[in-house]
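Enquirer: I have a structure I would like to understand better, so I am pasting it below and will then ask my questions one at a time.
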Amino acid sequence: ELVSCVGWTTADELYSCSDDHQIMKWNLLTSETVQVVKLPDDIYPIDLHWFPRSIGGKKQSYAESFVLTSSDGKFHLISKSGRLEKSVEAHCGAVLAGRWNYEGTALVTVGEDGQVKIWSKSGMLRSTLAQQGTPVYSVAWGPDSEKVLYTSGKQLIIKPLQPNAKVLQWKAHDGLILKIDWNSVNDLILSAGEDCKYKVWDSYGRILYSSQPHEYPITSVAWTMDGELFAVGSFHTLRLCDKTGWSYALEKPNTGSIFNIAWSIDGTQLAGACGNGHVIFAHVVEQRWEWKNFEITLIKRRTMEVRNVINDAVDLLEFRDRVIKASLNYGHLVVSTSLQCYVFSTKNWNTPTIFDLKEGTVSLILQAERHFLLADGGGLYLYSYEGRLISSPKFPGMRTDVLNAQTVSLSNDTLAIKDKADGKVIYIFEALSGKPLGDGRPLTHTTEIVEIALDQKGLTSERKIVFIDKNRDLHITSVKRFGKEQKIVKIGTMVHTLAWNDTSNILCGIQDTRFTVWYYPNTVYVDKDLLPKTLYEKDTSEFSKNPQIVHFVGNQVTIRRADGSLIHLNISPYPAILHEYVSSSKWEDAVRLCRFVKDQAMWACLAAMAVANKDMATAEIAYAAIGEIDKVQFINFIKDLPSKESRMAHILLFSGNTQEAETLLLQTGLIYQAIQVNINLYNWDRALELAVKHKTHVDTVLAYRQKFLEDFNKKETNKRFLQYAEGVSI
């Protein structure tokens, strides 16, 4: 008889249920198949879901019990050994789906009677969330277990558990929707319909991808745990797709319709429940990693092939267990298997560093130049490339299983993590100690943050972080949080994807229809008007819709188009050389380079870099080259100032930091200059306040004020000025 549902207990053990009333257990390591239990003849199973494994922070190695929904309107709680622990009358007609939430504190069931019900862990009814006139075929919990997504004919509905909260509903398909899935890491929704299409949506109901119509209705869809891939099942069809929708592989197994797909916990294999009574197993192979002149392919589950494209040398890397995750960057390949982690240097493939893993299932590997980060269900671990554990950062309410490359960023000295509970907060840690950075306060933005990235080079004290928020605005701010709050400055709009360069602090991104490179993002803190001149822009209409930046290594940017093909873009190598000269204070070389290249953007970058490093001679040359005469004049004025402190203060003024400039002048006792600065900026009240406070130059302030008013034919209305004007003869 047909197999209706499947579910994994461990990475290698699967349970399947069928209309022949049997529950079978499959062990992939020993290739044994055992009947666990024969159900009563009136129970036809429809859906199965294992109780989640991570409860209250403790992670069990396997699931203990599962919920089974059946055609007689009941759901059954069954232990791993097959003992029926409880049967609950739930719906009139068949119970079409049952799902535990991520914490295991609630169960949602949906049925042919059009009802969506929430139950407690022990099977007591908590609430009826929704009622409608048509059957609900599929249901999924939202990432934070506070919303439920369910089908209603051709519509999808997201309903929060809180009463009176806003319900989101939209038409998703032209036929009945048969299956949905909602991923907790990337927050994306999959839907499959009788219109023979599958679609990817974000959690606001905006469509991100719609497939071509297939020959038959799509009967199942399922995300992997980490949200990077999903699988699609139809009649004699199994497809593997990227999260952006394009297809990696299409298989045509002789299975009938695939009614249910379950991914194993580590995301390396899946099982499908087939209409002809088979259970199909599939393994993901042939993932590829590229970096500079190396390309690495996973050719079998335990074997990688390394190819050096310069001399066509091929190395085979054999592993003891199956490969779960891998990452290739900064001259190192990091591979995690089910029990161990291997670190290879690209200079020598024969002697990897190997260390054992506590948890096993690594869900994320992130690399920086000096170290790398592993995330698994138990925590975050920072290792050096020699395999030494450096630190293990923690923060309250941390859920490591929902982190991905968009929500975590690592550089040589800093680690940044977006908070899952409050999407506006970024936690920042010192990499080497694992402690929160600076005064320990996280960075907070006004709206929800979608993606974050730290720059990779330069001094620790100048580390910058950029992030994209929900409105697709790109912001930059400085990470070091001692003393003064650095402003969060917006530097781009409608940014879909971004990447920092690996060898210099150059940022690239795609905003709207333009590919943009910010050659020197720090410009916003030096001379904000200069920023547009330091950009490089290129039209991206040829990249089709929704391209993603894969990486930005050297002066090559790799972009993946929506259909999965890769495009390589080369940007000018000169800005990176300029960064290098400036970081080692070779100002003459930098000027020579700009004169050779004759590019406005280069001069603009040099001008900003020179001011940031207080090298005014170079700044003057650079500003002159881009025709900013007023700034050249001001720089000349600064150079003629008598004391070092006043020069410093005027450089701060140049960058718009008036408060700091004034403080510096007052500290060094240059009261008159501090007053004059405020007069020049028309901060009359502050100028008068300083004059009165230090009992000096009150008459000067009043004289300037009077001249200002005469120039504009105005009368004095400010009470404080009137009060002092009476007592002082000018």
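Enquirer: Of the residues that make up segment 678-695, is at least one touching a residue at least 60 places away in the same chain (Cβ under 8 Å) and either farther than 30 Å from Met602 by Cβ or out of contact with any Pro (no Cβ under 8 Å at 6 or more places or on another chain) (or both)? Please lay out each step first, then the result.
Expert: Filtering segment 678-695 for residues touching a residue at least 60 places away in the same chain (Cβ under 8 Å) gives none.
Looking for residues that are touching a residue at least 60 places away in the same chain (Cβ under 8 Å) and either farther than 30 Å from Met602 by Cβ or out of contact with any Pro (no Cβ under 8 Å at 6 or more places or on another chain) (or both), one finds none in segment 678-695, hence no.
Enquirer: Within segment 44-57, take every residue that is part of a loop (DSSP other than H, G, I, E, B) and at pLDDT 90 or above and give me the one that is least open to solvent (accessible area, probe 1.4 Å). Write out each step before concluding.
Expert: Filtering segment 44-57 for residues part of a loop (DSSP other than H, G, I, E, B) gives 44, 51-53, 56-57.
From what is left, the residues that are at pLDDT 90 or above are 44, 51.
Working: Tyr44: 101, Phe51: 29 Å².
Ranking the candidates gives Phe51 first.
Enquirer: Which is β-branched (Val, Ile, Thr), at pLDDT below 95 and either within 32 Å of the chain's Cα centre (by Cα) or assigned by the TED database to the domain that holds Ser338 (or both), of Ile218, Ile261, Ile265?
Expert: Numbers: Ile218 fails: at pLDDT below 95; Ile261 fails: at pLDDT below 95.
Selected residue: Ile265, the only one of Ile218, Ile261, Ile265 that is β-branched (Val, Ile, Thr), at pLDDT below 95 and either within 32 Å of the chain's Cα centre (by Cα) or assigned by the TED database to the domain that holds Ser338 (or both).
Enquirer: If you scan segment 676-693, which residues turn out to be within 24 Å of Lys639 (Cβ to Cβ) and open to solvent by 70 Å² or more (accessible area, probe 1.4 Å)? Step through it out loud before you land on a result.
Expert: Restricting attention to segment 676-693, the residues satisfying the condition of being within 24 Å of Lys639 (Cβ to Cβ) are 676-681.
Asn680, Leu681 - these are the residues of segment 676-693 that are within 24 Å of Lys639 (Cβ to Cβ) and open to solvent by 70 Å² or more (accessible area, probe 1.4 Å).
Enquirer: If you check Thr497, Thr503, which single one turns out to be open to solvent by less than 10 Å² (accessible area, probe 1.4 Å), within 21 Å of Leu410 (Cα to Cα) and modelled with pLDDT under 95?
Expert: Numbers: Thr503 fails: open to solvent by less than 10 Å² (accessible area, probe 1.4 Å).
Of the residues listed, the single one that is open to solvent by less than 10 Å² (accessible area, probe 1.4 Å), within 21 Å of Leu410 (Cα to Cα) and modelled with pLDDT under 95 is Thr497.
Enquirer: Considering segment 525-556 alone, what residues qualify as being at pLDDT 90 or above, crowded, with 16+ Cβ neighbours inside 10 Å and assigned to a helix (DSSP H, G or I)?
Expert: Of everything in segment 525-556, those that are at pLDDT 90 or above, crowded, with 16+ Cβ neighbours inside 10 Å and assigned to a helix (DSSP H, G or I) turn out to be Leu530, Leu531, Lys533, Thr534.
Enquirer: Something else now. For the list (1) modelled with pLDDT under 90; (2) under 21 Å from Trp500 (Cβ atoms); (3) among the acidic types (Asp, Glu), I need the number of the one condition that Asp455 fails.
Expert: (1)
Enquirer: Here is a check on your reading of the model: is Gly275 more than 28 Å from Ser544 (Cβ to Cβ) and small (Gly, Ala, Ser)? Quick ask: steps written out before the conclusion?
Expert: Working: more than 28 Å from Ser544 (Cβ to Cβ): yes; small (Gly, Ala, Ser): yes.
For Gly275, the condition - more than 28 Å from Ser544 (Cβ to Cβ) and small (Gly, Ala, Ser) - is met.
Enquirer: Could you tell me how many of the residues in segment 392-417 are in contact with a Phe, Trp or Tyr (Cβ under 8 Å, 6 or more places away or on another chain) and within 27 Å of Val335 (Cβ to Cβ)? Steps first, please.
Expert: Of all residues in segment 392-417, those in contact with a Phe, Trp or Tyr (Cβ under 8 Å, 6 or more places away or on another chain) come to 392-393, 395, 410, 414-417.
In the following step, the residues that additionally are within 27 Å of Val335 (Cβ to Cβ) were identified as 392-393, 410, 414-417.
Number satisfying all stated conditions: 7.
Enquirer: What is the one condition in (1) at pLDDT 90 or above; (2) assigned to a helix (DSSP H, G or I) that Ser585 does not satisfy?
Expert: (2)
Enquirer: Tell me which of these Pro442 doesn't satisfy, since it passes every other one: (1) modelled with pLDDT under 90; (2) open to solvent by 60 Å² or more (accessible area, probe 1.4 Å).
Expert: For Pro442, the failing item is (2).
Enquirer: Go through segment 446-500 and report how many residues are farther than 30 Å from Asp202 by Cα and among the charged types (D, E, K, R).
Expert: Here the count works out to 8.
Enquirer: Kindly check whether there is at least one residue in segment 516-523 that is of a type in the set (A, V, I, L, M, F, W, C), open to solvent by 60 Å² or more (accessible area, probe 1.4 Å), under 26 Å from Ser327 (Cα atoms) and in contact with a Ser or Thr (Cβ under 9 Å, 6 or more places away or on another chain). Quick ask: steps written out before the conclusion?
Expert: So in segment 516-523, the residues of a type in the set (A, V, I, L, M, F, W, C) come out as 517-518.
Next cut, open to solvent by 60 Å² or more (accessible area, probe 1.4 Å) only: none.
No, the conditions are met nowhere in segment 516-523.
Enquirer: Still on this structure, please answer the following. Can you tell me which residue is farthest from Leu2 (Cα to Cα) among those in segment 194-234 that are open to solvent by less than 30 Å² (accessible area, probe 1.4 Å) and among the hydroxyl-bearing types (Ser, Thr, Tyr)?
Expert: Applying the filter and picking the extreme gives Ser203.
Enquirer: Which count do you get for residues in segment 332-356 that are among the β-branched types (Val, Ile, Thr) and under 25 Å from the mean Cα position of the chain (by Cα)?
Expert: Taking segment 332-356 as the starting set, the residues that turn out to be among the β-branched types (Val, Ile, Thr) are 334-335, 337, 343, 346, 351, 353-354.
Within this subset, residues satisfying the condition of being under 25 Å from the mean Cα position of the chain (by Cα) are 334-335, 337, 343.
Residues that pass the stated criteria total 4.
Enquirer: What are the residues in segment 260-315 that are in contact (Cβ under 8 Å) with a residue 60 or more places away in the chain, closer than 17 Å to His332 by Cα and part of a strand (DSSP E or B), if any?
Expert: Glu290, Trp291
Quick grid of which residues meet (1) modelled with pLDDT under 80; (2) farther than 24 Å from Lys631 by Cα; (3) out of contact with any Gly (no Cβ under 9 Å at 6 or more places or on another chain); (4) buried (at least 16 other Cβ atoms within 10 Å of the Cβ):
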site	(1), (2), (3), (4)
Phe654	no, no, yes, yes
Ala674	no, no, yes, yes
Lys695	yes, yes, yes, no
Arg705	no, yes, yes, yes
Lys715	no, yes, yes, no
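Enquirer: I'm trying to understand the selection: among the residues of segment 173-185, which are under 27 Å from Arg399 (Cα atoms) and open to solvent by less than 30 Å² (accessible area, probe 1.4 Å)?
Expert: Passing the criteria: Ile180, Trp182, Asn183, Ser184, Val185.
Enquirer: Given the residues Ala405, Ala416, which is the only one that is in contact (Cβ under 8 Å) with a residue 24 or more places away in the chain, within 15 Å of Gln367 (Cα to Cα) and open to solvent by less than 10 Å² (accessible area, probe 1.4 Å)? Before you say what the answer is, go through the steps one by one.
Expert: Values: Ala405 fails: open to solvent by less than 10 Å² (accessible area, probe 1.4 Å).
Step by step, each of Ala405, Ala416 is checked, and only Ala416 is in contact (Cβ under 8 Å) with a residue 24 or more places away in the chain, within 15 Å of Gln367 (Cα to Cα) and open to solvent by less than 10 Å² (accessible area, probe 1.4 Å).
Enquirer: So, in segment 567-582, exactly how many residues are open to solvent by 70 Å² or more (accessible area, probe 1.4 Å) and either under 24 Å from Thr244 (Cα atoms) or not in a helix (DSSP H, G or I) (or both)?
Expert: Of the residues in segment 567-582, 2 are open to solvent by 70 Å² or more (accessible area, probe 1.4 Å) and either under 24 Å from Thr244 (Cα atoms) or not in a helix (DSSP H, G or I) (or both).
Enquirer: Also, I was wondering about something else. Of everything in segment 235-259, what is buried (at least 19 other Cβ atoms within 10 Å of the Cβ), in contact (Cβ under 8 Å) with a residue 40 or more places away in the chain and under 11 Å from Gly275 (Cβ atoms)? Give them in sequence order.
Expert: Ser257, Phe259
Enquirer: Is it the case that Tyr682 is among the aromatic types (Phe, Trp, Tyr) and in a helix (DSSP H, G or I)?
Expert: Working: among the aromatic types (Phe, Trp, Tyr): yes; in a helix (DSSP H, G or I): no.
For Tyr682, the condition - among the aromatic types (Phe, Trp, Tyr) and in a helix (DSSP H, G or I) - is not met.
Enquirer: Right, next: Look through segment 504-524, keep the residues that are outside any strand (DSSP E or B) and over 19 Å from Val582 (Cβ atoms), and return whichever of them is farthest from the chain's Cα centre (by Cα).
Expert: Here is the first cut: in segment 504-524, the ones outside any strand (DSSP E or B) are 504-506, 512-513, 519-524.
So of that shortlist, the ones also over 19 Å from Val582 (Cβ atoms) come out as 512-513.
Values: Asp512: 19, Thr513: 21 Å.
Out of the qualifying residues, it is Thr513.
Enquirer: Among the residues of segment 592-614, write down those that are over 37 Å from the mean Cα position of the chain (by Cα) and not basic (Lys, Arg).
Expert: Step one: filter segment 592-614 for residues over 37 Å from the mean Cα position of the chain (by Cα), giving 592, 595-596, 598.
Once the filter is applied, which keeps residues that are over 37 Å from the mean Cα position of the chain (by Cα) and not basic (Lys, Arg), segment 592-614 yields only Phe596.
Enquirer: Here are the criteria: (1) more than 40 Å from the chain's Cα centre (by Cα); (2) open to solvent by 20 Å² or more (accessible area, probe 1.4 Å). Tell me which single one Leu39 does not satisfy.
Expert: (2)
Enquirer: Name the one entry in Arg370, Arg388 that is in the same structural domain as Trp289 (by the TED database), closer than 17 Å to Asp413 by Cα and exposed (fewer than 14 other Cβ atoms within 10 Å of the Cβ).
Expert: On the way: Arg370 fails: exposed (fewer than 14 other Cβ atoms within 10 Å of the Cβ).
Answer to the check: Arg388.
Enquirer: Determine whether segment 344-357 contains at least one residue that is assigned to a strand (DSSP E or B), of a type in the set (A, V, I, L, M, F, W, C) and open to solvent by 40 Å² or more (accessible area, probe 1.4 Å). Break it down into steps so the answer makes sense when it comes.
Expert: To start, the set of residues in segment 344-357 that are assigned to a strand (DSSP E or B) comprises 344-345, 348-356.
Remaining after also requiring of a type in the set (A, V, I, L, M, F, W, C): 344, 349, 354-355.
Then keep just the ones that are open to solvent by 40 Å² or more (accessible area, probe 1.4 Å); that gives 354.
Within segment 344-357, one or more residues are assigned to a strand (DSSP E or B), of a type in the set (A, V, I, L, M, F, W, C) and open to solvent by 40 Å² or more (accessible area, probe 1.4 Å).
The values are calculated or read from the model by the stated rules, or taken from the named source; none is laboratory data. No experiment lies behind these values; they were computed from the predicted model shown. Neighbour counts run over all protein chains shown; Cβ positions are idealised from the backbone, glycine included. Quick note on the areas: whole protein, heavy atoms, side chains included, nothing else; ligands and nucleic acids left out. Shrake-Rupley method; radii C 1.70, N 1.55, O 1.52, S 1.80 Å.
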